[in-house]
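Reviewing the structure listed below.
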Amino acid sequence: MIKNNKWKLAAGSLVILLPLLAGLILWGKLPERMPMHWGIDGQVDGWGSRTTAVLVMPLVLLGLHWLCVLLTAADPLNRRQSGKAVGMVLWICPALSLLMGAVTYCSAFGMTMNVDKLALIFMGLAFVILGNYLPKCRRNYSIGIKVPWALNDEQNWNATHRFAGRLWVGGGAGILLMAFLPWRELAFVLSFTLLIIMAAASALYSYLYYRKHGQSQ
């Protein structure tokens with residue numbers, strides 16, 4: 001997997017480090033104390049040093065990115081994995097790094113940011129995209145709905161991921177709508193409740209499919 005996607009891996013790694021490069025360029029203009037965490041009300045509730053914000057955060061995401069890639073590549077069932085499924089692994093951390101970098105620097109310069117709304121929009125879009133890619137994901141041990149009934153039966157895996165794909169697209173769209181609710185705390189509670197329902201329903205579907213059809217292999 002790594003050999004076949006080496007240019008995408010290099011591009012993704014560079015994208016993750018773009019906020020670090022921006023931070024070095026803006027170093028002299030950034031405050032010593034920078035926002036690092038926001039509550040569900042969208043207000044800053046955690047601070048860190050300029051060094052931590054500029055250097056540590058992108059490097060941690062880069063390490064997480066490569067950990068996910070290596071674990072996915074080590075899975076023998078991923079040797080013939082769908083390119084779209086691999087793309088999910090390759091681009092989640094780069095997208096997250098750009099979002100976190102933009103929010104951190106804009107907040108550091110005193111710009112008003114609706115961080116809570118941005119977080120729900122990002123989450124909603126992510127699940128819409130993941131839901132579109134899930135049905136294309138071949139059976140493996142590192143990507144997808146990894147419940148035993150699906151892992152042990154390819155037909156169960158395919159049926160579960162078709163069901164979960166539709167469910168996650170709908171759930172992602174629901175989270176996008178909740179981003180625009182005027183009640184922030186309620187929007188987050190409803191969004192995370194929806195995530196739990198999506199995960200539980202996907203696992204339950206796989207189990208019910210197993211009970212109805214048994215194991216084909």
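Quick grid of which residues meet (1) farther than 26 Å from ALA11 by Cβ; (2) open to solvent by 50 Å² or more (accessible area, probe 1.4 Å); (3) of a type in the set (S, T, N, Q):
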site: GLY23; (1), (2), (3): no, no, no
site: GLY28; (1), (2), (3): yes, yes, no
site: PRO31; (1), (2), (3): yes, no, no
site: MET34; (1), (2), (3): yes, no, no
site: GLN43; (1), (2), (3): yes, yes, yes
site: GLY48; (1), (2), (3): yes, no, no
site: ALA53; (1), (2), (3): no, no, no
site: VAL56; (1), (2), (3): no, yes, no
site: VAL60; (1), (2), (3): no, yes, no
Check your understanding: Applying the selection to the range 40-64, what residues are free of Cβ contacts under 8 Å to residues at least 12 places away in the same chain and assigned to a loop (DSSP other than H, G, I, E, B)?
Key -> GLN43
Point to revise | Unique residue being open to solvent by 60 Å² or more (accessible area, probe 1.4 Å) and either closer than 22 Å to MET88 by Cα or of a type in the set (A, V, I, L, M, F, W, C) (or both) when the list is ARG184, ARG166, ARG211 | key: ARG166
Exercise for review: Please find, within the range 136-163, the residue that is nearest to ARG211 (Cα to Cα) out of those that are outside any loop (DSSP other than H, G, I, E, B) and open to solvent by 40 Å² or more (accessible area, probe 1.4 Å).
Suggested key: TRP149
Exercise for review: Kindly provide the set of residues from the range 101-130 that are touching a residue at least 40 places away in the same chain (Cβ under 8 Å) and within 15 Å of TRP91 (Cα to Cα), ordered by number.
Suggested key: MET123, LEU125, ALA126, PHE127, VAL128, ILE129, LEU130
Point to revise | Options MET100, MET88: the member that is buried (at least 16 other Cβ atoms within 10 Å of the Cβ) and either over 22 Å from LEU167 (Cα atoms) or among the acidic types (Asp, Glu) (or both) | key: MET100
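The values are calculated or read from the model by the stated rules, or taken from the named source; none is laboratory data. The shown structure was predicted, so the numbers you read here are calculated from the model rather than taken from an experiment. Cβ: placed from backbone, ideal geometry, glycine included. Neighbour counts: every protein chain shown. These area figures cover heavy atoms from the full protein model, side chains too; ligands, DNA and RNA do not enter into them. Shrake-Rupley method; radii C 1.70, N 1.55, O 1.52, S 1.80 Å.
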